[in-house]
Amino acid sequence: MAVDIPIDPYVVPALDGVAYGLLVFVAAAGLVLCFGVAGILNLAHGTLYAIGGYTAAALLDGGWPSLLLALAVGVIAATAAGALVAGLLTRVAARTHLTQALLTFGLALVGGSLLVRAFGPDDQPVRVPAALDGSVVVAGHRYAAYRLVFIVVAALLAGLLHLAVRRTRAGMLVRAAVDDAEMVAVLGVSPTWIRVGVLAAAGALAGAAGVLGAPIIGPGPDTADVVLLLSLVVVVLGGLGSMTGTLLAALAVGQIQTLGVALAPSAAPFLLFAAMAAVLAVRARGLAATRRTT
Amino acid sequence: MREQAVRALRRGVAAAVLAGLVLAPWAVDDYTAALLARTLALGLVAVSVALLTGVAGLPTLGQTAPYAAGAYTSAVLGGQVSDVGVVHLAVAAVAGAALAAVTVPLVVHARGVVVLMITLAVGELAVVLVGRWRSVTGGTDGLAGIAQVRPLWGMPVLATDRARYLYTLVVVAALVGLVLLVLRTRVGLLLRAGRDDEARLRASGHRVSLQVAGVHVAAGAVAGAAGSLLVVAQQYLSPADFGFETSALLLLGVVIGGAASVGGALVGAVLVVAGRDWLFGALPGHAPLVLGLAFVVTVYLLPGGGHRPPPVRGRLLPDVGTRRAAGERPAPTGARA
């Protein structure tokens, strides 16, 4: 047992970190898509997650049907919100990156204040299905059952996303639009529709993350900001457009936010900053090399 | 003829605004004077945003980071070193420049929307850091009881809101004047050239990366100095002063003011921040909603392209996500021959 003692406080945070990281990945994947395909920095992305989170808080009552219902409603609502963002980002509104950022930030403010008005200014409690409310024993440690299931489901989502981007026709069109939007247009596929589709898909991902992740990053007035910040950091760390990179970065950020805090509480505020600085300092040149040769 | 008339009109308006700003504290109550002083400090941050966004073509959402660095350094360190405002300003400017210098490797190779993203992440992380570093910054409770300063050695302390406002005004005017002067020299020309055609400038032997690093550090120093003014103006600091909303408001002000114009950025930011403060007083509880709608409406109402080139360097859609170098693409004109 003497071997177990030093590990004991760290296994649970490490598992938590995996759950947290996968949640951030599912949330950030939408941002990567928007950013990579349409060059859109969607500052309302955190609000899309918050829509899912509030849906979960409002609809979950401890049963399985309510979870399915919340997932359906949350995903549909966030998809619609994503499509709305795409609709408002017309040619006029999206003429420069600045107007894009201003428009999406305005939408984030409006959406956030509408959500607070509808659900109140307090953090909402979320009830997970009763069957998952307890804890299970993992390798001798008690761990929340919901999080364990979440890890499996989120990993599944990540896998499906990878397949969708790599193997389906829609995914191919999206990747083609990243490489050469004009050529895709010549092939008879409207880049506008690809953009709308990508923003809607990003909304769906954020909504799903919001519903499933509500017990981990719960819905509240700060949720949108927190999720946006984490997603941004993850997307930047992941190499601005690479799904695999984003996944690795999200898992790393998850560990920093949980295991890092457990190991070095006093250094915790600086860890994210330091990680970002370190990775970017090393990678910046490589990233730029691909981009500058235009 | 017409150009001269416009120029005279512009000068007249500028003089009238300046006179109004000098006389303002005698026309309003103390609370408003304090608010105005804070607004001017934010206007100076907007100038640094315009310097990066409009003049150098690096759209930024992260100038709150050097702003916060300057403010907290001025409040914590400045108080121990001296009570002279100019010393605080210098200390804060150095802190802002130092933070900007640390983040130079992150932005120096990036352009366009990538810069927005990286600077936003840096600014947000800075706020998170300020909120959690309780021992120095007081965390989310804020930092209160900051000692009063005197503008120069031998001068009386700034005890009234009016005096603090006038001090802020003088410093802002001096720094904005300095920025405008520098932009009229070769430096300004090079910065604009880098924004408009980076490849050509590079080809003619200029070191654009060095230039970008320089303007980034300079903008950090200006924002840091603004942080010191914020400390003087409101004598209280909290992470809420440096939130994401502040960055977005500043960007809105800069865009309204015409991104490439430093004076316009100052005016735009002052108008936007004053409008925000008025909204929070007039419509308690509804302000974020109205503010958000204002953002959306402004984007649609702003004059479209034509009168200024887009203030963003490089391609409109940087080919993020591609790992393929452009050289591998077939040349459109069949350059094989």
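For the peptide B:121-132, the mean number of other protein chain Cβ atoms found within 10 angstrom of a residue's Cβ is 5. Under the simplified labelling scheme, the residue A:76-residue B:286 pair shows an inter-label distance of 3.2 nm, with each label point 7 Å from Cα along Cα→Cβ. Chain B contacts chain A over a buried accessible area of about 5400 Å², both sides summed; the probe is 1.4 Å and only protein chains count.
Relative to the 2.2 N^0.38 Å rule of thumb, segment B:69-224 has a C-alpha radius of gyration ratio of 1.22. Residues of segment B:98-117 whose accessible area, computed with a 1.4 Å probe over protein heavy atoms, drops by at least 50 Å² once all protein chains are present relative to their chain alone are B:106, B:109, B:113, B:117. Panel note: contact residues of segment B:265-294 (accessible area lowered by at least 40 Å² against the chain on its own; 1.4 Å probe) correspond to B:288, B:289.
Within segment A:4-292, what whole-number % of the accessible surface is contributed by carbon and sulfur, with the 1.4 Å probe and all protein chains included in the calculation?
69 percent
Near residue B:31, once Lys and Arg are set to +1 and Asp and Glu to -1 for all other residues with Cβ below 15 Å from its Cβ, the sum equals -1. Of B:286, B:109, A:97, the order by accessible heavy-atom surface (1.4 Å probe, DNA, RNA and ligands excluded), from most exposed downward, is B:286, B:109, A:97. Projecting the Cα atoms of B:288, B:237, B:255 onto the charge dipole of segment B:26-311, computed from C-beta unit charges around the Cα centre, puts B:255 farthest toward the positive end.
Between amide H atoms placed 1.01 Å from N, distances below 5 Å from residue A:138 occur with A:143, all of them 5 or more places distant or on a separate chain.
Considering only DSSP states other than H, G, I, E and B, which trypsin sites (Lys or Arg not before Pro) in segment B:146-248 qualify as loop sites with at most 14 other Cβ atoms within 10 Å? Sites meeting the loop and neighbour criteria: B:207.
Using θ = phi - 60° in the Karplus curve 6.51 cos²θ - 1.76 cosθ + 1.60, the 3J(HN,Hα) couplings for segment B:37-49 round to 4, 5, 4, 5, 4, 5, x, 5, 4, 4, 4, 5, 5 Hz; x is entered for Gly and Pro. In this calculation the C-beta distance from residue A:262 to residue A:282 is compared with R0 = 25 Å, giving a FRET efficiency of 0.45.
With everything on Cα atoms, drop me the angle between helix B:244-256 and the longest principal axis of chain B, reported from 0 to 90° to the nearest 10. Relative to chain B, helix B:244-256 is tipped by roughly 70 degrees. Equivalent ellipsoid of segment B:8-47: semi-axes from √(5λ) of the C-alpha gyration tensor, largest first, are 21, 15, 4 Å. Surface analysis of segment A:208-263 yields an accessible area of 26 Å² per residue, using protein heavy atoms and a 1.4 Å probe. Percent of accessible area on chain B owned by carbon and sulfur, 1.4 Å probe? It is 67 percent, rounded to a whole number. Database remark: amide H of residue B:150 closer than 5 angstrom to the amide H of B:84, B:85, B:158 (H placed geometrically; neighbours at sequence offset of 5 or more, or on other chains; Pro and chain starts carry no H). Can you tell me the FRET efficiency between residue B:82 and residue B:236 if r is taken as the Cβ-Cβ distance and R0 is 22 Å, rounded to the nearest 0.05? Approximately 0.60, to the nearest 0.05. Neighbouring Cβ atoms from other chains, within 10 Å of the Cβ of residues in A:217-230, number 2 on average.
Tell me the net charge near residue A:105. Cut-off is 14 Å between Cβ atoms, residue A:105 excluded, with +1 for each Lys or Arg and -1 for each Asp or Glu.
-2
From its DSSP helices (H runs of at least four residues, each -39,500 (n - 2.57)), chain B gives a residue-normalised ellipticity at 222 nm of -22000 deg cm²/dmol.
The string of couplings for segment A:68-84 from the Karplus curve (6.51, -1.76, 1.60, θ = phi - 60°) is 5, 4, 4, 4, 5, 4, x, 5, 5, 4, 5, 4, 4, 5, x, 5, 4 Hz, one whole number per residue in order, with x for Gly and Pro. Per-residue extension of 0.36 nm, minus the Cα-Cα distance of residue A:164 and residue A:135, leaves a gain of 7.1 nm for this segment. Check residue B:112: other-chain or 5+ apart residues with amide H under 5 Å from its amide H, H built from backbone geometry? Counting only residues 5 or more places away or on other chains, the set is B:313. Averaging Cα coordinates gives a centre for segment A:16-36 and one for segment B:102-181; these two points are 32 Å apart.
First obtain the Kirkwood hydrodynamic radius of the protein assembly as shown from its Cα pairs, then insert it into the Stokes-Einstein equation at 25 °C and 0.890 mPa s, and state the resulting D in µm² per second as a whole number. Taking Rh from Cα pairs, D becomes 96 µm²/s.
Largest mean-square fluctuation among A:215, A:129, A:265, in a Gaussian network model of chain A whose springs join Cα atoms under 10 Å apart, belongs to A:265. 3J(HN,Hα) along segment B:15-23: 5, 5, 4, 4, 4, x, 5, 5, 7 Hz, from the Karplus curve 6.51 cos²θ - 1.76 cosθ + 1.60 with θ = phi - 60°, whole Hz, x for Gly and Pro. Counting heavy atoms of the protein chains alone, residue B:161 has an accessible area of about 40 Å² for a 1.4 Å probe.
Compared with the dominant Cα axis of chain B, that is its longest principal axis, helix B:161-184 is turned about 20°. Considering segment A:4-292 at the alpha-carbon level, its Rg and Dmax are found to be 19.1, 64 Å.
Could you rank B:160, B:298 by how accessible they are, 1.4 Å probe, largest area first?
B:160, B:298
Over segment B:149-209, accessible surface divided per residue gives 60 Å², non-protein components excluded, 1.4 Å probe. Interface residues of segment A:161-181, defined as a loss of at least 30 Å² in heavy-atom accessible area between the chain alone and the complex of all protein chains with a 1.4 Å probe, are A:178, A:179. Taking every residue in A:106-119 and counting other chain Cβ atoms within 10 Å of its Cβ, the average works out to 5.
A probe of 1.4 angstrom, applied to the heavy atoms of all protein chains, finds residue A:189 with accessible area near 40 square angstrom.
When peptides A:250-258, B:55-63, B:91-99, B:233-241 are sorted by average Cβ neighbour count within 10 Å, with the highest value leading, the order is B:55-63, B:91-99, A:250-258, B:233-241. Cα centroid separation, segment A:239-277 to segment B:32-86: 29 Å.
The values are calculated or read from the model by the stated rules, or taken from the named source; none is laboratory data. These numbers come from a predicted model, not from an experiment. When we count neighbours, we look across all protein chains shown, and the Cβ atoms used for this are built from the backbone with ideal geometry, even at glycine. Accessible surface is based on the protein model in full, side chains and every heavy atom, while ligands, DNA and RNA are left aside. Shrake-Rupley method; radii C 1.70, N 1.55, O 1.52, S 1.80 Å.
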